[in-house]
Amino acid sequence: MDEVSNLRLFARLIEAGTISAAAQVLESSPAAVSRRLARLEARLGVRLITRTSRHFGPTDEGRLFYERCASILREIGKAEAEAALRGTTPSGDLKISAPMGLGRRHVAGMVKRFSDLYPEVRVQLALSDAGLDVVDDSLDIAIRVGLPLDTGVVARKLLSQRRIVCASPAYFARFGVPKTPEDLVQHNCICLVRRRGIFDKWQFEVDGKPREVRVAGTLSSTSSEIVRDWALDSKGLALLATWDVDDVLQAGELQECLRDYWCDVIELYAIFVSRQHLPLRIRTFMDHIAKEFERF
């Protein structure tokens, strides 16, 4: 920035016509301006301005230098104007990820509505149940379940909901409805698989105390959407977040059980890399989805 400051100093000197006039424009003293001009000339090794008691004006080298300075300063002004505009109007590329089922049923609609509001933002939505990483996968925002282990990122909570045990009416009609968490060991339970292994320890609350039940079954998947589909096909009981099954619960295609034993809570976060000056498109999208998830 010192170099840009020197370019502005010289341009103001030529445009003002005197050191005193330039000092007023620059809100400095004539002595300070004169010293800066002398240092600039010494660094360049040429005299840029002829200054005597009768004459103040650029030398040939000074005129050429001024033309280059003016051109550079115009480009800097354009760049600053463009940056300022981007700071008030969201624009540019935005790459986000979300879990498969949640992304298809909910986040995709949120992205569409965001795009309608901010058409200058080009959004790429990646759906994966693998838990994509904002750094390793070059994402701006990763919408995912649970807090990340990486302390170099920022997490903003979007939603907190309980998981429910559910199955189809046909499954319950054939195998019965479990009355207590312990009854689950007699049932075919469909389990989610995560990076750390199979999620086969289901959490409950019995008489105000936590109770963990280890379940088993013939089917498991890394995709909550597939677990949901298998439950709809009467293949077993599933433990899923309410955001995964709210529509089919309302339609009666799945039914909740063990409601009195309140399963564990699942939390959804938006993960992004910590930056001092977060681009407006990221901040705006974060606010947009946070407001959208308030409806849940």
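The values are calculated or read from the model by the stated rules, or taken from the named source; none is laboratory data. Given the structure is predicted, the values throughout are model-derived calculations rather than measurements. So basically every Cβ, Gly included, is an ideal-geometry build from the backbone, and we count neighbours across all protein chains shown.
Filter region 221-271 for residues that are modelled with pLDDT under 95 and of a type in the set (Ser, Thr, Tyr) and give the result. Within region 221-271, Ser221, Thr222, Ser223, Ser224, Thr242, Tyr261, Tyr269 meet the criteria. Scan region 110-126 for residues that are free of Cβ contacts under 8 Å to residues at least 12 places away in the same chain and of a type outside the set (Ser, Thr, Tyr) and the total you get is 3.
Scanning region 159-173 for residues that are surrounded by 17 or more Cβ atoms within 10 Å (Cβ to Cβ) and at pLDDT below 95, we see that the one that is farthest from the chain's Cα centre (by Cα) is Ile164. Every condition in (1) at positive phi; (2) surrounded by 21 or more Cβ atoms within 10 Å (Cβ to Cβ) holds for Gly252 except the one numbered (2). Of all residues in region 22-37, those that are in contact (Cβ under 8 Å) with a residue 12 or more places away in the chain have Cβ atoms under 9 Å from Cβ atoms of residues that are among the charged types (D, E, K, R) and loosely packed, with under 13 Cβ neighbours inside 10 Å, 6 or more apart or on another chain, in Ala22/Glu15; Val25/Glu15. Of all residues in region 243-254, exactly one satisfies the criterion of being assigned to a helix (DSSP H, G or I), in contact (Cβ under 8 Å) with a residue 60 or more places away in the chain and farther than 17 Å from Met100 by Cβ, namely Leu249. Can you give me the number of residues within region 40-54 that are within 13 Å of Ile19 (Cβ to Cβ), of a type in the set (Val, Ile, Thr) and surrounded by 10 or more Cβ atoms within 10 Å (Cβ to Cβ)? Total meeting the criteria: 2.
Could you go through region 175-187 and let me know if any residue there is hydrophobic (A, V, I, L, M, F, W, C) and in contact with a helix residue (DSSP H, G or I) (Cβ under 8 Å, 6 or more places away or on another chain).
No: zero hits.
Residues in region 14-42 that are closer than 18 Å to Glu61 by Cα, of a type outside the set (D, E, K, R) and under 46 Å from the mean Cα position of the chain (by Cα): Leu40 only. Annotation note: of Leu192, Leu94, Leu125, the sole residue that is in a strand (DSSP E or B) and under 16 Å from Asp287 (Cα atoms) is Leu94. In this structure, Glu61 does satisfy being surrounded by 12 or more Cβ atoms within 10 Å (Cβ to Cβ) and outside the structural domain of Thr222 (by TED's automatic domain parsing).
Residue-level check: of (1) touching a Leu at 6+ places or on another chain (Cβ under 9 Å); (2) in a loop (DSSP other than H, G, I, E, B), Ser234 misses just (1). Comparison of Arg228, Arg211 shows that the only residue that is in contact (Cβ under 8 Å) with a residue 40 or more places away in the chain and buried (at least 16 other Cβ atoms within 10 Å of the Cβ) is Arg228.
Of all the listed residues (Ala216, Ala270, Ala290), the sole one being surrounded by 14 or more Cβ atoms within 10 Å (Cβ to Cβ), touching a helix residue (DSSP H, G or I) at 6+ places or on another chain (Cβ under 9 Å) and among the aliphatic types (A, V, I, L, M) is Ala270. Of the residues screened, Ala84 is one that is modelled with pLDDT under 90 and surrounded by fewer than 13 Cβ atoms within 10 Å (Cβ to Cβ).
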